[in-house]
Amino acid sequence: MTAPSPDPDGDDDVPDKVLLIDGHGLFHRAFHGLPPLTASNGQPTNAVYGFISMMLDLLEQEAPQYVAVALDLPGPTFRDEIYREYKAHRPTMDDALRRQIPLLGEAIEALGARGVGVVGFEADDVIGTLARVAADDGNEVMIVTGDKDMLQLVRPGVVVLATIKGIKETKFYDEAAVQEEYGLTPAQIVDLKALAGDSSDNIPGVMGIGDKTAKM
């Protein structure tokens, strides 16, 4: 992780803020949230433009001491080995988005952050690990993602800023917000997903059980 904004007061008693970004999640959000944009050479740019815009807003608003952008690396993960149909229904990536993927790493570097990916694991796994380690070390962690599965990570010292619509609309989740919206603790989000399934990842739940029954 990279520290773009050290504590100006030098107060060691104030917890550092760690910002953990779902890199490809924000990149996809920017691509679908903005109209097509193209450079003079024909290179599509809306995803990278939107990603940089969101990152600059986050860095200004949150003033984190450390920033890491978690990335999905090419190739299968351990989930694909466990369940062959995992995410199998997802459509092929739009070519205009694919052509911008190489620019993501350049954007992360230009922003002074660090991209982090692990072969065989998803960005979510990287975020979960870094969040736990950082919080256990006494830091304040903010996860930025559009994946509500990540609400299971909310705990003292860990919050989620969920992207909702476009590149500007977000929702803040701490433990109280998760309880208010779902009627569950963050730790129970895992049980909810196990019972009701997760259509976004093509994961079936228990037959006949939907979200409403799972929450009972």
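The values are calculated or read from the model by the stated rules, or taken from the named source; none is laboratory data. This is a predicted model, so every value here is computed, not measured. Ideal geometry is used to build each Cβ from the backbone, glycine not excepted, and the neighbour counts take in all protein chains shown. Only protein heavy atoms, including side chains, enter the accessible area calculation; ligands, DNA and RNA are left aside. Shrake-Rupley method; radii C 1.70, N 1.55, O 1.52, S 1.80 Å.
Simple point charges give the picture: +1 on the Cβ of Lys and Arg, -1 on the Cβ of Asp and Glu, and for the chain a dipole about the Cα centre of about 1020 debye. Could you tell me which residue out of His32, Met55, Ala70 lies farthest along the dipole of the stretch 20-103 toward its positive end? Charges go on the beta carbon: Lys and Arg +1, Asp and Glu -1, centred on the Cα centre. Working it through, the farthest residue towards the positive pole turns out to be His32. Per-residue ellipticity at 222 nm, computed for the chain from helices alone with -39500 (n - 2.57) per DSSP H run of at least four residues, works out to -10500 deg cm²/dmol. On the chain, 54 percent of the accessible area sits on carbon and sulfur atoms, based on a 1.4 Å probe. Quick one: of the DSSP bridges fully inside the chain, what percent are antiparallel, nearest 5? Here the share of antiparallel DSSP bridges comes out near 35 percent. At the listed q of 0.13, 0.29 Å⁻¹, the Debye profile of the stretch 147-210, built from one uniform point per Cα, gives log10 I(q)/I(0) equal to -0.38, -1.19. Taking 0.36 nm per residue of separation and subtracting the Cα-Cα distance, full extension of the segment from Thr92 to Asp137 would add 12.2 nm.
Take the Cα of Glu175, step 7 Å toward its Cβ, do the same at Ser200, and the gap between the two points is 2.4 nm. In this structure, the pairs whose alpha-carbon distance is over 23 Å, taken from Lys17/Lys165; Lys17/Lys171; Lys17/Lys168, are Lys17/Lys165. For an R0 of 30 angstrom, estimate the FRET efficiency from the Cβ-Cβ distance between Arg99 and Val14 and round to the nearest 0.05. Between Arg99 and Val14 the formula returns 0.10.
Think of a 1.4 Å ball rolled over the protein heavy atoms: the stretch 57-216 then has 57 Å² of accessible area per residue. Value of Rg to Rh for the stretch 83-164, rounded to two decimals, is 1.01; Kirkwood radius and Rg both from alpha-carbon coordinates.
Within the set [x] 1.02; [y] 1.05; [z] 0.97, the number that Rg/Rh (Cα atoms, Kirkwood Rh) takes when calculated for this structure is listed as [z]. A Gaussian network model of the chain, with springs between Cα atoms under 10 Å, assigns the largest mean-square fluctuation among Thr92, Thr145, Thr185 to Thr92.
Please give the residues of the stretch 12-28, grouped as numeric ranges, whose backbone N is less than 12 Å from a label point set 7 Å along the Cα-to-Cβ vector of Thr129. What the label zone holds, given the 12 Å backbone N cut-off, is no residue at all. Shape class of the stretch 39-114 from the Cα gyration tensor (axes a ≥ b ≥ c, square roots of the eigenvalues): oblate, since a/c reaches 1.5 or more and a/b does not exceed b/c. Here the dipole of the stretch 55-122 is about 260 debye; that uses its Cα centre as origin and unit charges on the Cβ of Lys and Arg (positive) and Asp and Glu (negative).
A convex hull fitted to the Cα coordinates of the stretch 9-75 yields 128 cubic angstrom per residue. Subtracting the Cα-Cα distance of Arg155 and Lys168 from 0.36 nm times their residue separation leaves 2.2 nm of extension gain.
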